[in-house]
């Protein structure tokens, strides 16, 4: 029998008489490594494989241990199974559905007539810890698909039966089953060796959910939890969760009087005067940069004949998210995105190769249908605006345009104090338009640009738009949470669908490439993210109220009013001359996150000076009003993050 050679990361090999599992490979290297083994990456595939996976000759294997960053998802996936086992051991009549890993944790959905309450989480978590302490071994079996259907049908686990039948329709003949003690679950893995490898767990909350996310299906109960490699990491995460509750943008929006929602327009936010200031300041900032980066701003219609979306491909690929109406016996749609309209703008005149690149930006309002159960404050809405733009360019300009986009994004994020972000290259989805050759060109162009710029990125397989691959910019906020905001999408398909062209140097017609791009993305989603990132402590230039003028006594009212008159010429002010104690006025200004307070008492009035109080609580005395105005003008114009007085 020929030997099986497995290649290790240092290019050395391990030989076996038969195909070893990942765990057997680890055991051949050392008992300590075997004890810590969680899974493996095989042949440079970033997807972690189960430690029970059988290896083939010449496989290149990187073993994943408990200490590897990739192990966290395996801990959480296995913890979800422990959660389901714990629930069924306490309430055997409850039926299980699915329990995936999510960002920072996991959940499991249950079909139960018993309604979980928060107190039940303590009981379930205690049982989970008992199971983990037992160190039950986790084993994998492969069953014929009909055997699996019969087994779960006998157990009356009808949700599992439905899942397996769906897999059978997809052509699968076998499924994997993971056992821990006398409990088992359908799962593709990977999972830990034994439950004792799961370190620190915590159940977080209970919520409602619909089977397969469809509100027409049965309502289930969802238990959320998390798991970490150490108790220290878990406690840090729980601290951030508590901080996140305080920073919830829905609470801040109400507290700072920025926005609200109403039942008469679900999913469509109302921005108050103060909220509109932030919205408009961001828009103005981007418009200034559009001049610097050579963009032209356009305005396009809100309603289009659906023929436009047939041509663009959106009707066939996106119609479940669109709003439709009928006018004069013609079917129309409310605009869900700007790109088809921008193709019409491009097509209105002939273009030469000298005209390109042509960059057009549009702040038009967009409307997309979201299920009521998925909407969440400003984070997910039905009516929104993007800092949307499209670039029409030649193939030889593609790399420079991608570079320009990344420089633009870097400038904006730096000015907003958003210094940590990751780049994901999202490749072709299963449901898409265009040939594989076109997709190859698009994906290669994005890869080449990132490699040339030496920007690290992660491949996000299958997450591209239906018309092209994209770069997704994921911002990491102050609580270490990821938010997808900016994007750049490389599109060879839509220009072809609209028969767009330009006259090249050879006097022949050529097809332009279309880049879809946004820096902040949806303003609504961005504001939700940014409010939570900053805890509502906005920079001076975008604060709805920039300065509060507070008098000490009634004798100082007139002087305070005169100061307000001068400051209002350049800044947004609040004159607080109410008959209240100064301490009360200061606390209220701090709660409203007003960056500066000017305190006016007898001494300030007699000296014709002012005292400036910063949001930090620091006081700067003996300033002339002229000094304050000059410095704050500079702070406003330069859009710096911190106070110019610090």
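Across q = 0.27 Å⁻¹, region 403-452 modelled as identical point scatterers on its alpha-carbon atoms has Debye log10 I(q)/I(0) values of -1.04, in the order of the q list.
Each residue, residue 622 and residue 557, gets one label point 7 Å from its Cα in the Cβ direction; the gap between the two is 3.2 nm. For region 4-65, the Cα gyration tensor yields ellipsoid semi-axes of 15, 14, 11 Å (square root of five times each eigenvalue, largest first, whole Å).
Here, region 71-246 is characterised by an Rg to Rh ratio of 0.96, where Rg is the alpha-carbon radius of gyration and Rh the Kirkwood radius. Enter the mean projected area of the convex hull around the alpha-carbon atoms of region 294-352, in nm², rounded to one decimal. Over all viewing directions, region 294-352 projects a mean Cα-hull area of 5.3 nm².
Per Stokes-Einstein, at 4 °C and 1.567 mPa s, what whole-number D in µm² s⁻¹ belongs to region 150-259, with the Kirkwood radius over Cα pairs as the hydrodynamic radius? Approximately 72 µm²/s, per Stokes-Einstein.
Extents of region 298-439, taken as max minus min of Cα coordinates on every principal axis and listed largest first, are 46, 42, 33 Å.
Its residues counted as N, the chain yields a C-alpha radius of gyration over 2.2 N^0.38 Å of 1.15. Exposure proxy for 284, 44: other Cβ atoms within 10 Å of each Cβ, ordered fewest to most, give 44, 284. Note on region 421-474: Cα-only Rg and Dmax are 10.8, 32 Å. Sorted ascending by nearby beta carbons within 10 Å, beginning with the fewest, 316, 170 become 170, 316. Our summary gives region 540-638 a relative contact order of 30 percent, counting only alpha carbon pairs under 8 angstrom and 6 or more residues apart. Please work out, to two decimal places, the log10 of the ratio I(q)/I(0) at q = 0.10 Å⁻¹ from a Debye calculation in which every Cα of region 487-646 carries one identical scatterer. Those come out to -0.51, one per q. Each residue, residue 325 and residue 210, gets one label point 7 Å from its Cα in the Cβ direction; the gap between the two is 2.5 nm.
Sorted from greatest to least, the principal axis extents spanned by the alpha carbons of region 354-509 come out as 54, 36, 30 Å. Just to check, using Stokes-Einstein with a Kirkwood Rh over alpha carbon pairs, what's the diffusion coefficient of region 256-354 at 10 °C and 1.306 mPa s in µm²/s? In µm²/s, the coefficient is 95.
Could you list log10 I(q)/I(0) for region 579-620 at q = 0.16, 0.23, 0.31, 0.32 Å⁻¹, which the Debye formula gives when each Cα is one point scatterer? Taking Cα atoms of region 579-620 as identical point scatterers yields -0.41, -0.79, -1.09, -1.12. Across region 461-604, the mean sequence separation of Cα contacts (distance under 8 Å, 6 or more residues apart), normalised by length, yields a relative contact order of 19 percent. Per residue, the convex hull around the alpha carbon atoms of region 37-167 comes to 145 Å³.
With the Cα gyration tensor of region 498-545 giving a ≥ b ≥ c as the square roots of its eigenvalues, does the rule (a/c under 1.5 for rounded; else a/b larger than b/c for prolate; else oblate) give rounded, prolate or oblate? Prolate is the answer for region 498-545, as a/c is 1.5 or above and a/b outweighs b/c. The fewest-to-most ranking of 247, 517 by surrounding Cβ atoms within 10 Å reads 247, 517. Averaging the sequence gap over all C-alpha pairs within less than 8 Å and six or more residues apart, then dividing by the number of residues, gives region 71-246 a relative contact order of 28 percent. For region 453-501, the equivalent ellipsoid derived from the alpha-carbon gyration tensor has semi-axes of 28, 11, 10 Å in decreasing order.
Here, each number is a calculation from the coordinates, and none is a lab measurement. Quantities reported herein were computed from a predicted structural model and do not represent experimental measurements. Note: ideal-geometry Cβ built from the backbone for every residue, glycine included; neighbour counts use all protein chains shown.
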